[in-house]
Amino acid sequence: MIKDNRLLKIASALTICAFVSLPVYANGTDSKVDVTGKSKAEIAQAYHDLFDLDDNQKKELKERGFSETDIANMDNDDFKKLEASWKLSKRQQELIKGIYPELSEAEYANWTNADFNAYSNAKTEKIYAPRSEQAEQLQKRGISLETARKMLKEYQSYDNILTQPDSVLKELTEQINEADKQYDEHLGYKKAIKAKHLENLKN
């Protein structure tokens, strides 16, 4: 199963590694992108590059009874929505026992992938939340908790972050903000490409 690999990676990260390298991701705010200058062919190619299902996704859908026609009419967004609603397999539930021993089988017996992700994200937020005194020091130095969380990729702990001079943290903050901006622009580009492609199909 596709999700089994993800669960194994999470299990490894939480049970073996003392620290998980956290990627720098943005808030996901859409940016307005103008794609009107692109031809229909360019829009179609960009759409397929960004949204076509990969072989694993197609295989998963076939195994779940979707027809070739159904699959041909789906894109990556459609797959993610479906995937979120699927109940965890027995294999996935076995993996959860090792990752989150505090949970009883009855608690996750009827979980979907979305339920697992919600629980996992909440646990991760708790694990990587700073202590109150750390949060207070970060605030005094003008570093938001969101930005500090992303700085863990570089410094591994909040205490390490707080030992850095202001000039270093300012430079890293600027890098994080730029990465956030680029990610937001990418999301905006994807949204614009998909909207324009669907519009072209109607015309």
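Some points to look at:
- Enumeration of residues in region 38-57 that are assigned to a helix (DSSP H, G or I), among the aliphatic types (A, V, I, L, M) and touching a helix residue (DSSP H, G or I) at 6+ places or on another chain (Cβ under 9 Å): ILE43, ALA44, ALA46, LEU50
- In region 140-170, the residue that is farthest from GLU125 (Cα to Cα) out of those that are within 24 Å of the chain's Cα centre (by Cα) and among the acidic types (Asp, Glu) is GLU154.
- Near pairs, Cβ below 8 angstrom, 6+ apart or cross-chain, from region 65-79 (within 19 Å of TYR47 (Cα to Cα)) to any residue that is part of a loop (DSSP other than H, G, I, E, B) and open to solvent by 80 Å² or more (accessible area, probe 1.4 Å): ASP75/ASP52; ASN76/ASP52
- When region 162-188 is filtered for residues that are closer than 18 Å to GLU42 by Cα and either outside any helix (DSSP H, G or I) or free of Cβ contacts under 8 Å to residues at least 60 places away in the same chain (or both), only HIS186 remains.
- Checking ILE99 against (1) of a type outside the set (Gly, Ala, Ser); (2) touching a residue at least 12 places away in the same chain (Cβ under 8 Å); (3) closer than 24 Å to ALA195 by Cα, the condition it does not meet: (3)
- Restricting ASP34, ASP4, ASP49 to residues that are under 29 Å from HIS186 (Cβ atoms) and modelled with pLDDT of 85 or more narrows the list to ASP49.
- The residues of region 65-93 that are surrounded by fewer than 11 Cβ atoms within 10 Å (Cβ to Cβ) and assigned to a loop (DSSP other than H, G, I, E, B), listed by number, are GLY65, SER67, ASN73.
- Options LYS191, LYS196: the member that is in contact (Cβ under 8 Å) with a residue 60 or more places away in the chain and touching a Lys or Arg at 6+ places or on another chain (Cβ under 8 Å): LYS196
- Considering residues of region 94-130 that are among the charged types (D, E, K, R) and either part of a helix (DSSP H, G or I) or assigned by the TED database to the domain that holds LYS81 (or both) only, the residue farthest from THR173 (Cα to Cα): GLU105
- Number of the condition not met by VAL20 [criteria: (1) over 27 Å from ALA195 (Cα atoms); (2) modelled with pLDDT of 95 or more]: (2)
The values are calculated or read from the model by the stated rules, or taken from the named source; none is laboratory data. Keep in mind that what you see is a predicted model, and the values were worked out from it rather than measured. Neighbour counts run over all protein chains shown; Cβ positions are idealised from the backbone, glycine included. Quick note on the areas: whole protein, heavy atoms, side chains included, nothing else; ligands and nucleic acids left out. Shrake-Rupley method; radii C 1.70, N 1.55, O 1.52, S 1.80 Å.
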